[in-house]
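One structure is given here, and the rest of the page talks about it.
We did not get these values from a lab; they are worked out from the coordinates using the rules stated. Source: prediction; values computed, not measured. Reconstructed Cβ throughout: ideal geometry from the backbone, glycine too, with neighbour counts over all protein chains shown.
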Amino acid sequence: MSNEENGNNISRRKFIKGVGVGIAGSCVLPSLEQSAIAQAKEGGDAVHGGKELLSLTVNGKPVRVLVEPRMTLAELLREKLQLTGTKIVCNQGACGGCTVLLDGHAVYSCHMLALDAAEREVTTIEGLMTGEELHPIQQAFVDKDGYQCGFCTPGQVMAAQALLLRHPRPTREQVLEGMSGNICRCAAYPKILESALAAAEKIRKS
Amino acid sequence: MARKIIKSKYFVEEDFVEVLAEVPAGGSSPLPTNQEMKVIGRPVTRLDGYDKVSGTARYTFDINLPHLAHARTLRSPYAHARITAIDAREAAKMPGVLGIIHYQNVDQIPWYGSSFLFDPHLRYVGDEVACVAAETEAAASAALKRIKVEYEELPFVVDAAAAMKQNAPAIHEGGNIQGGKPAVYARGDFDAGLAEADVVVEETFTTQVEVHNPTEVHCSVVNWEGDRLTVWDSTQAIFSVRDTVAQSLGLPASQVRVIKRYMGGGFGSKLTTGKYTVMAALLAQRIGRPVRITLDREEMNLAVGNRPDSVQKLTVAAKKDGTLSAMSHWSYGAVGAYPSGAACSWPLRTIYQCPNVKTEEYSVFINAGPGRPFRAPGHVQGTFALESILDDVAEKLAMDPLEFRRKNHATIDQVMNLPYTSKKLLEAYDAGAKAIGWDRRRKVPGADKGRYQRGLGFASQIWWGAGTPPAGCILKLNRDGSVRLIAGTQDIGTGTYTVMAQVAAEILEIPIERIQVNLGDTAVGPYCPLSGGSLTTPSVTPAVADAALQMKEKLLSAAAAILEVPQGELVYQRGEVRHTGDTSKKKTIVEILREMREQTLLTYGARNANPEGYAINSFGAQFAEVEVDTLTGHVKVIKVVAAHDIGRAVNRLTLENQFHGGILQGIGFALMEERVIDPQTGKVLTVNLHDYKMPTIMDMPEIEVIIVSEADTKISNVGAKGVGEPAMIPTPGAIANAIYNAIGVRLHSLPMTPDKILMALAQKG
Ligand code: FES
Ligand code: FES
């Protein structure tokens, strides 16, 4: 069994466990919800029946957070951690708008539960930067105009990062394949391709 | 600078509009050509690039406010129904629920002309029933399921042909034909033209409903401060959102502020104010908290617009020598449940020379989501049909398709009987044909014998490109020599921030890094038109130029006062004013401003009036090469050459990008995109991005963009025409003709999916 399969099994178990708690919780919702609101008012996210403690690494920093089992990784990033660089477009694993790196591999963060990222390392568009400085891939998207509205761009950049981690010297075909899971409705594709190729070149030279 | 108020008429999306506009009294004088420019015309990277790639660009979707509540909408599950009872008591008691609105507890707010914000008469799957605000989006969604609604189901119709029949279910009181009658146009004598023709071809074409599906879902965040409302909205038209929201809520427009900084695409769907914005404002008012409302992808595919479908019957008659003698266009299309436009005959009426033309077009109501303008409304579908049939006529005449178009080149606008300010379509033909290698084209269609068959095809394009006044821009020169441009336009992803800065940088001869641009805020920017219809660059950049030229004047006059010399002896160069004789006498911008102490220099630039007595249009031709896999029916677009007359190119980089986008969307429309409704239930089957197919990077052909035009000096100082729509208009027609050239059988129906290709091949035998 590969590591990845292993990871999935663990998280599926967790998910089922979490759902069970959620259902049990819903029978006594009013009081629970009130206490949750009360806790929220106190500024804390204290433990209660509906939530699970999750620890993971986000952009190099350890994060411990209570989440509802139904929460997706994208929601965790955007709503709990305010990392709104990650976008949600289809919320269904069909477009790549929410792409982030999980242990260096591109994943659709809308299509996995936050709990599935337990003890793993998540990198978002914000984590690609060094302080205020752009990553060479980000810079390449600026130089080559690899976007129009920019809404799919964080996902495109992360997909390019995953691609270049795998293939530091990608062929044109490898780029096309690596980026084919990311829809750009503005269809800036020719310049997205150029950006990814230019980024590879830039990283190679540095 | 002297100004005057004029009446300006321009075409936007689907209609002519007339507005009053303040314009410079003296007209405008053209800027130098691009060859003499340092910044304009160059591939300048975007001002907002950093924000976009770093994830710091804040879209409406990302806005969070303290104490923010979240709203979700309950929508009709039926294609046609009447609400007989609604009970939201149980839903209201759900945890986290803050407020619920529906037709029984909200005043009737007029919408779509004859309907209301909440209308108990529901006319499509997705029509708004109720809206809930809650602590979280999940809580709001959960509450939607607990609202008890009783519906009386009504007979429905989801097909335009069926809706036009006598006994069809009536969607509106006046019947299912919008306006009660077709839109008609005629010139010359069609029958006489037909009589003198040697070749007559009659064909029927159909096009599908296409959905915009911008990546950022439609969304608003609203916040009341007393009786003032701030709306962050993902919109292409901040001023029209302001006006619609104000009117709906009974507020003076001045009390509503609409802000849009970044937005994730629109393509026309975000030109119209959404019900959701007003619903959010009503909820926010009731619960005393800011509200964020977003649609999900399913709602995006139901309720926020689409390109109406079309059935187009064309007749084209030509003489032996290739001259067109008569053309007619009869069509209908489904606009959905509320008013929109399905007309698509404009290209046929105007692009080629033909004395005898008649058109008759029906916009038909059906029980489906209402249409909205979609990148070149009518023109994309109309051009596909026209260019397809023209190729068939050319073949009958044994003429090369390109020669046939050249033969019928129109030198004036035949509808308005006006000359064009400029028309470089013939140049586009030459450049495009050369780039694609038109002489490689198979003379006999379907000449290839193997599994993969290749073909070349082309189509022409016409669009309204003028832009219009009023469009204003404030230019602020700061003490540190930096510049701020403020305008009420919006950058919808096309590069408006950047092109505006380029114009100011060019004229003031300062580095573009010193320029900041503030757009998309009705409270601070002077009025500019909506961003659609390829209006933005041609409307807004001339106002920037006007403001920058005035600023130069101001600096000259300031320097004259400081240096105590006549202004006429001074010149402005590279951010400095210097004396023509005494070279020691000079002042930089910063020096001048320092001496003026706290006074910031301000100018207000305005877009000039369009010239009287001219039609202003953009033109172009696209050439496509395709390869058809005759085994699977798959079509691969190999290459597209786009040769266009768009006036002055202001930014080569963003311009190319827009052409790429338009062409790829054209490929989507030609080959894959289609909204499908189940006729049995009236439900849309393609409500997610799995089922609604859009182009990916794998569908990308090689694309070459050729601009054959220079500045159109008759239009404005900048002389740009718009690019957004022209980029997409001819693509499907060019691909259709290339497919015909490849396989030798004509497809009359979009999208040209593998099943249709295989069927056509089978019929050919
Ligand atoms: S938003 Fe996650 S794949 Fe589309
Ligand atoms: S840049 Fe707009 S969706 Fe990709």
- Query: Are there any helices in chain B, counted as whole DSSP H runs, that stretch 27 Å or more along their axis by Cα and score at least 0.0 on average by Kyte-Doolittle, and if so which?
  - Reply: B:536-563, B:652-671
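Sort B:LEU282, B:LEU475, B:LEU74, B:LEU65 so that the residue with the fewest other Cβ atoms within 10 Å of its own Cβ comes first and the one with the most comes last.
With the fewest neighbours first, B:LEU282, B:LEU475, B:LEU74, B:LEU65 line up as B:LEU65, B:LEU74, B:LEU282, B:LEU475.
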- Task: When you have a sec, figure out the Kirkwood radius of the stretch B:401-456 from all distinct Cα pair distances and drop it here in Å to one decimal?
- Result: 13.9 Å
- Task: Calculate the tail of P(r) for the stretch B:520-635: the fraction of all Cα-Cα distances greater than 25 Å, expressed in %.
- Result: 53 percent
- So how far, in whole Å, is the C-alpha centre of the stretch B:549-570 from the one of the stretch B:682-698? 61 Å
- Item | Partner chain coverage, peptide B:40-53 - average Cβ within 10 angstrom | 5
- Residues of the stretch B:107-122 with backbone N under 19 Å of the label point set 7 Å from the Cα of B:ASP227 along Cα→Cβ are B:107
- Of all alpha-carbon pairs in the stretch B:1-120, indicate the percentage at a distance above 26 angstrom. 66 percent
- Item | Calculated Rg and Dmax of the stretch B:1-61 using C-alpha coordinates, Å | 18.8, 45
- Proximal charge balance of B:ALA195 [Cβ under 12 Å; K/R count +1, D/E count -1]: -3
- Item | Projected label distance in nm at B:ALA398 and B:ARG286, using a 7 Å step from Cα toward the beta-carbon | 7.5 nm
- DSSP bridge orientation in the stretch B:625-726 - percent antiparallel, rounded to nearest 5: 50 percent
- Item | Extreme residue, positive dipole direction of the stretch A:129-205, given options A:GLN148, A:ALA196, A:GLN138 (C-beta unit charges) | A:ALA196
- Item | Orientation-averaged projected area, Cα convex hull of chain B (nm²) | 34.6 nm²
- Query: If you take all C-alpha pairs in the stretch A:129-205, what percent of them are over 21 Å apart?
  - Reply: 15 percent
- For the stretch A:52-109, one quarter of the surface area of the C-alpha convex hull, expressed in nm², comes to 3.9 nm²
- Projected area of the stretch B:534-602, taken from the Cα convex hull and averaged over every viewing direction, in nm²? 5.3 nm²
- Message: Can you tell me what share of the DSSP beta bridges in the protein assembly as shown is antiparallel? A percent to the nearest 5 is fine.
- Response: 80 percent
- When the chain is fully extended, how far beyond the present Cα-Cα distance does B:TYR452 get from B:GLU196, taking 0.36 nm per residue of separation? 88.0 nm
- Query: What is the pair-distance distribution P(r) of the stretch B:296-423, computed from all Cα-Cα distances in 10 Å bins starting at 0, with each bin given as a whole percent?
  - Reply: 13, 37, 29, 15, 6, 0
- Message: From the C-alpha coordinates alone, can you work out the Kirkwood hydrodynamic radius of the stretch A:89-155, in Å?
- Response: 13.0 Å
- For an R0 of 35 angstrom, estimate the FRET efficiency from the Cβ-Cβ distance between B:GLU569 and B:THR600 and round to the nearest 0.05. 0.85
- Message: Give the average, rounded to an integer, of partner chain Cβ atoms located within 10 angstrom of each Cβ in B:91-99.
- Response: 2
- For the stretch B:303-373, build the convex hull from the C-alpha positions and give me its volume per residue in Å³. 75 Å³
- What distance in nm separates the simple spin-label points at B:VAL590 and B:ASN518, each placed 7 Å from Cα in the Cβ direction? 2.3 nm
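I'd like the mean, over residues of A:80-91, of how many other protein chain beta carbons sit within 10 Å of each residue's own Cβ. Please report the intermediate quantities before stating the final value.
Details: counts 0, 0, 2, 1, 9, 7, 2, 8, 7, 10, 11, 6.
Rounded to a whole number, the mean comes out at 5.
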- Of B:LYS424/B:LYS639; A:LYS80/B:LYS93; B:LYS165/B:LYS270; B:LYS320/B:LYS764; B:LYS476/B:LYS586, which sit over 30 Å apart, Cα to Cα? B:LYS165/B:LYS270
- Note on the structure: Cα-based Debye curve of the protein assembly as shown sampled at q = 0.08, 0.09 Å⁻¹ gives log₁₀ I(q)/I(0) of -0.81, -1.03
- Message: Cut-off is 10 Å between beta-carbons; in what order do A:THR153, B:THR73, A:THR123 appear when sorted fewest neighbours first?
- Response: A:THR123, B:THR73, A:THR153
- Message: If packing is taken as the average count of other Cβ atoms within 10 Å, what order do B:366-378, A:96-108 fall into, highest mean first?
- Response: B:366-378, A:96-108
- Note on the structure: By the mean-Cβ-within-10 Å protection proxy, highest first, B:224-235, B:332-343 rank as B:332-343, B:224-235
